[in-house]
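For reference, the structure discussed in these notes is given below.
The values are calculated or read from the model by the stated rules, or taken from the named source; none is laboratory data. Just so you know, these numbers come straight off a predicted model, no measurement behind them. No Cβ is skipped: glycine too gets one built from the backbone with ideal geometry, and neighbour counts run over all protein chains shown.
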Amino acid sequence: MSESSYDQPTGYDQPTGYDQPTGYDQRTGWSGWIVFAAIMMIVAGSLNLLYGVIAAVNDEWVVWTNRANVYLDLSEWGWVHIILGGIVLLSGIGLFSGNILARTVAVIVASVSLIVNFFFIPVYPLWALIVITIDVLVIWAVIAHGREMREA
């Protein structure tokens, strides 16, 4: 029997069927960014808690005596950071599940954390800029690659 053109190798292994995962369902190396985002949210939440406690307990100490540049009392900003830091910390832990709700909360909380830390720059400039940078990276990682963590 002669070989027909159907028996010739074409460079494709098999046609993709419904039982095989598509490109959107497979876990790629980019899902490591979600683990990075979750860890960074835990770190950012811990940093927010840390200097929130410092600001709430000791409202007399301010970097470079910028006390008049803050829109709220320093101890009130401390409580804002304690609450926000706790939420960011818990959202980072929940992000490991890959749940859509955890990803949505992560983006919202990281956005709010970014805005709050922008207003906190006059009090603790270096810490606030570090947390803002972490928040930007978290938002990008969760939006761009959040779906991949679900399959992990």
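In the set Gly146, Gly98, Gly94, only one residue is assigned to a loop (DSSP other than H, G, I, E, B) and more than 20 Å from Val53 (Cβ to Cβ); that residue is Gly98. When region 64-80 is limited to residues that are surrounded by fewer than 15 Cβ atoms within 10 Å (Cβ to Cβ) and hydrophobic (A, V, I, L, M, F, W, C), the one that is modelled with the highest pLDDT turns out to be Leu72. Take Trp61 and tell me if it is modelled with pLDDT of 55 or more, surrounded by 15 or more Cβ atoms within 10 Å (Cβ to Cβ) and either part of a loop (DSSP other than H, G, I, E, B) or in contact with a helix residue (DSSP H, G or I) (Cβ under 7 Å, 6 or more places away or on another chain) (or both). The answer is no for Trp61. Of the residues examined, Ile82 is one that is under 21 Å from Ala55 (Cα atoms) and either part of a helix (DSSP H, G or I) or under 11 Å from the mean Cα position of the chain (by Cα) (or both).
All conditions but one from (1) closer than 21 Å to Gly146 by Cβ; (2) more than 10 Å from the chain's Cα centre (by Cα); (3) surrounded by fewer than 18 Cβ atoms within 10 Å (Cβ to Cβ); (4) hydrophobic (A, V, I, L, M, F, W, C) apply to Phe118; the one that does not is (1).
Within region 100-152, restricting attention to residues that are aromatic (Phe, Trp, Tyr) and modelled with pLDDT of 85 or more, the residue that is farthest from Ser31 (Cα to Cα) is Phe119.
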